[in-house]
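Inspection log for the structure reproduced underneath, given as structure tokens.
Every number in this text was worked out from the coordinates using simple rules, so none of it is lab data. Nothing here was measured: the structure is a model prediction, and the numbers come from that model. Cβ coordinates were reconstructed from backbone atoms using ideal geometry, including for glycine residues, and neighbour counts include every protein chain displayed.
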Amino acid sequence: MSLRHQYVDQPVTPWGGMQEMKKLIDKTGISKKLLELGLPEGKSNNTIDPVSIIESFWVSVWIGCFRFSHTAVLRVDEVLRELFGWKRVASGTTYGRFFKKFTPSMNHHLFIELYSWFFEQLTFDNFTLDVDSSVITRYGEQEGSKKGYNPKKPGRNSHHPLFAFVNDIRMVANCWNRSGNTGSSSNCINFLEETFSILKNKKVGLFRADSGFCTSSILDFIENKNIAYVMSCKLYARLQGEIYRIGNWTAIGEGLWISEIMYKQGDWKQARRIVVIKQSEEIRPRATGKKLKTLFSSMGIADDKVYNTRYHAFVTNQSLPAVEIWSQYKRRGDAENRIKELKEDFGVEGFCMDDFCATETAMRFIMIAYNLMSLFRHLTLQTQPTPRLSTLRFNCFAVGSWIEKTVDEHTLKMSVPLKRRQWYDSLFTFIETTKLPLSLTATP
């Protein structure tokens, strides 16, 4: 069948569902808060106001833009521009110039205040704080892009950002960008100090981190704050020797055993409780962890302890049963899911500039976009498994729409099948009836 085509002047958007996020932004009052923070402004009479730049940047991330060049799709979407009330939409170069106006000192004060204000709108307490780092490969000569640990692209330049997550509500508490040649724990104490100042009126019930953060200074810092913690330990040679000498193991599953010891690492001030997990490769072929081979192969020892088993070790200051300590740490894996979503759905790897501070500024605004989307999920999808943004993008936000104007009002016309209209109505109702501060419970 041959179809004719015609052109119309009526502006249409494929993203009419963004009306939900517009209502959420208005409900939280975050745009008004941005106005109070002293954002850098342009000197030209033709400049775009900074709040519109930030809002349009968030929207570009939500609809799937991973590069500044991708944001051009917003400039041809008249419906989105009118929906959000932007007089003009920023170009990719405008975003770059805007983020380059931020300084490290400005970032420090602005984001502490913005994150703190955001979390004050939410009622939660006694939460789990997860700290993790990631590697973002860079392909140019961007500032701070250095050669360091890069498991997927060895030898490539990279950045090494640091993240803090509020696990219970699946939000980002803080984020710093760092040079690629820094270690996991580099500058972590200052990062934690800033994170705790952001969450100043909340209680941290549990702190978790992987072995890259298991240093004497970080352990002392967390203990001085009287916070319960569990961290993975690096299996240094001396600790491997202590594990090798363990004779009392308790079976907790097929090919799975647990034990514990008191152990003092070289620069630790005192011995700490270490929980050890042992897994048999013969029974559990997909077992993870380290072998003890590095220490004992040179001693001529060739038994099952060395070659057929893998080990994990965790340090903790808690008195809970060893099995519960292990279960606590396993749930830390959700932080890696958050990083994966930030990379694959929110474009945290893509908005990179030659200026290090500008790149970090864009990254930290992406974290706010992530938290707003997480809040949307809490409000509107309370009884469902938490979907990723890539799912929401096409289930909630991809709605062909146009604006119909009359003398008295403007109406967003959304092309939604009859059987889905009640569901969309419920989304708008959840947002409109929300009252802040909002009490949040842990996401299932």
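In this simple spin-label approximation, GLU336 and SER216 carry label points 7 Å from Cα along the Cα→Cβ vector, and these lie 3.0 nm apart. To the nearest Å, what is the center-to-center distance of segment 238-281 and segment 385-444, using C-alpha atoms only? Centre-to-centre distance over Cα atoms comes out at 51 Å.
At full extension, LYS203 and ARG97 could sit 34.3 nm farther apart than now, given 0.36 nm per residue minus the alpha carbon distance. So what's the projected area for segment 212-331, the Cα convex hull averaged over all directions, in nm²? Value for segment 212-331: 7.7 nm². Note on the chain: with a GNM built from Cα contacts shorter than 10 Å, the maximum mean-square fluctuation among THR13, THR195, THR47 falls on THR47.
Placing a pseudo-label 7 Å from each Cα along the Cα-to-Cβ vector at THR47 and THR137 gives an inter-label distance of 3.9 nm. Where both residues lie in the chain, what percent of DSSP beta bridges are antiparallel, nearest 5? Rounded to the nearest five, the antiparallel share is 80 percent. With a cut-off of 10 Å between beta carbons, the residues surrounding THR215 carry a summed charge of -1, where Lys and Arg count +1 and Asp and Glu -1. Estimate the FRET efficiency between PHE394 and LYS435 by the formula 1/(1 + (r/R0)^6), using the beta-carbon distance for r and 30 Å for R0, to the nearest 0.05. Step by step, r from the Cβ atoms, then E = 0.50. Dividing the mean sequence gap of close Cα pairs (under 8 Å, 6+ apart) by how many residues the chain holds gives a relative contact order of 22 percent. Where does the charge balance sit around LYS413 when Lys and Arg score +1, Asp and Glu -1, over other residues with C-beta under 11 Å from its C-beta? Counting the neighbours of LYS413, the net charge comes to 0. A convex hull fitted around the alpha carbon atoms of the chain yields 210 Å³ per residue. Here the gap between MET1 and GLU78, fully extended at 0.36 nm per residue and compared with their Cα-Cα distance, gives a gain of 24.5 nm.
Straightening the chain between GLU282 and ARG310 buys 9.0 nm, computed as 0.36 nm per residue apart minus the Cα-Cα spacing. Between the C-alpha center of segment 306-346 and that of segment 30-52 there is a gap of 42 Å.
Shape verdict for segment 158-270, please, from the Cα gyration tensor: rounded (a/c under 1.5), prolate (a/b greater than b/c) or oblate. Prolate, since a/c reaches 1.5 and a/b exceeds b/c.
Once the C-beta distance of LEU418 and SER319 is scaled by a Förster radius of 60 Å, the resulting FRET efficiency is 0.55 to the nearest 0.05.
GNM remark for the chain: springs join alpha carbons under 10 Å apart, and the peak mean-square fluctuation among LYS87, LYS27, LYS146 falls on LYS87.
Span-like helix criteria (full DSSP H runs; alpha carbon extent of at least 20 Å along the helix axis; mean Kyte-Doolittle hydropathy of at least -1.0) are satisfied in the chain by 104-120, 356-380, 418-432. Each of ALA251 and GLN10 was given a label point 7 Å from its Cα along the Cα-to-Cβ line. The distance between the two points is 7.1 nm.
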